[in-house]
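Working notes, beginning with the structure itself.
No lab work stands behind these numbers, since they all come straight from the coordinates. Predicted model, so just to flag it, every value in this text is computed and none were measured. Glycine also receives a Cβ, built like all others from the backbone with ideal geometry; neighbour counts cover every protein chain displayed.
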Protein chains: 2
Amino acid sequence: MAIEIERKFLVTGEGWRQTDARRYSQGYLSRDPARTVRVRCVGAQAWLTIKGRSVGASRAEFEYEIAFADGEQLLKLCDGPLVDKFRHRVRHAGMLWEVDEFLGDNAGLVVAEIELSDEAQAFERPPWLGEEVTQDARYFNSNLAAHPFKHW
Amino acid sequence: MAIEIERKFLVTGEGWRQTDARRYSQGYLSRDPARTVRVRCVGAQAWLTIKGRSVGASRAEFEYEIAFADGEQLLKLCDGPLVDKFRHRVRHAGMLWEVDEFLGDNAGLVVAEIELSDEAQAFERPPWLGEEVTQDARYFNSNLAAHPFKHW
């Protein structure tokens, strides 16, 4: 188990865009916020990830790499529509930002995440960083499948 | 992925009892019958198992061994009470029967399962075998946690 400490922001402009973004397809075997179970396929790899309830910006996380063929089958077992996105990895002032550009029913939504070693850790804001949405449950990927951005 | 083909029976008498039965503790991250996610700890080992919806006696199954420490943590994330049981492994006429003697709120319930290679496969009935309950959802382990035998 790891503890994931993550802050999430909207973005402005296009300065976050990378040409080597990778396509992510993911779905949920459980969307229960106390025990989400995510299936994720990226390229020829797949993972199963379990997360506990968020406490502030922290969350228990368990991640297992699985066979890609299993990942593809498990996506079909998932509850409701999948979440598709391009993930752009952007370095800024020594920190790694993961910028998710959503597709399909969530097209138009772009969210930047930074993983921290503790909740109070300081970081420099990239010029394209917008409003913080860490606590806003609408932006949880587990909610974006059932309640996509186009219906907000 | 594997396809699990399993038939389930009640038992009579005590002829199924083995002295080397092992204690199983398991819980569910998802009880949704279309996508159950089970955490199971046995001795010093742990597994994560995902099953799709049953079609007759068949069900898609994905099983991953995980670190025991993860298993213990994941049991705490599970939805509702855990299912505790002794599993007795009984050979009869060349087939392996798994006989689950439930504990706690399910004490008094004993269920025998046989895994088959196809749904029509013939097998010899052990003398202690009782009524078949393959199709009765009350006996799903995922339901025994939320609706234990003592409340039936």
Tell me what chain B gives for mean residue ellipticity at 222 nm when only DSSP H runs of n ≥ 4 count, each as -39,500 (n - 2.57), the sum divided by the residue total, rounded to 500 deg cm²/dmol.
-> -3000 deg cm²/dmol
When the convex hull of its Cα atoms is projected in every direction, mean area for the protein assembly as shown (nm²) = 18.1 nm²
Check: C-alpha center the range B:87-152 vs C-alpha center the range B:21-72, spacing in Å is 16 Å
For the rotation taking chain B to chain A, the chain B residue with the nearest C-beta to the axis, plus the distance in whole Å, reads B:S30, 2
About the Cα centre of the protein assembly as shown, what is the dipole size in debye to 20, counting +1 per Lys and Arg Cβ and -1 per Asp and Glu Cβ, all else neutral?
-> 260 debye
Shielding of A:29-35 by partners, i.e. mean partner chain Cβ atoms within 10 Å per residue?
-> 6
Just B:R31, B:R53, B:R125 to compare: in a GNM of chain B, with alpha carbon springs under 10 Å, which one fluctuates most?
-> B:R125
Distance histogram for the range B:2-151 (every C-alpha pair counted, 10 angstrom bins, percent rounded to whole numbers) = 11, 40, 40, 9, 0
Hey, for B:P33 with labels 7 Å out along Cα-Cβ, what do the inter-copy distances come to in nm, ordered shortest first?
-> 2.9
In terms of the charge dipole of chain A, which places +1 on Lys and Arg and -1 on Asp and Glu at the beta carbon, the residue among A:A93, A:V37, A:Q121 farthest towards the positive end is A:V37
GluC sites (Glu not before Pro) within the range B:46-152: DSSP coil, no more than 15 neighbouring Cβ in 10 Å = B:E119, B:E124
Residue (of A:I5, B:Y139, A:F102) at the positive-pole extreme of the protein assembly as shown, dipole from beta-carbon charges | B:Y139
Helix A:68-77 versus the longest principal axis of chain A: what angle, 0 to 90°, nearest 10, using Cα atoms?
-> 80 degrees
Final fewest-first order of A:L75, A:L144 on the 10 Å Cβ neighbour count is A:L75, A:L144
Would you mind listing the distances between the B:T134 label point and the same position in each other copy? Use 7 Å along Cα-to-C-beta, nm, one decimal, shortest first.
-> 5.3
Here the correct list, in nm and shortest first, of distances from A:M1 to the same site in the other copies, label points 7 Å along Cα→Cβ, is 3.1
Any lysines whose Cα falls less than 22 Å from that of B:K51, other than same-chain ones fewer than 8 residues away, would be A:K51, A:K76, B:K8, B:K76, B:K85
Direction-averaged shadow area of the convex hull around the Cα atoms of the range B:1-83, nm²?
-> 6.6 nm²
Whole-number percent relative contact order across chain A, with pairs defined as alpha carbons under 8 Å at least 6 apart | 30 percent
Jot down the radius of gyration and Dmax of the range A:41-121, Cα atoms only, both in angstrom.
-> 14.8, 41
When every alpha-carbon pair in the range A:1-47 is counted, what percent end up more than 12 Å apart?
-> 77 percent
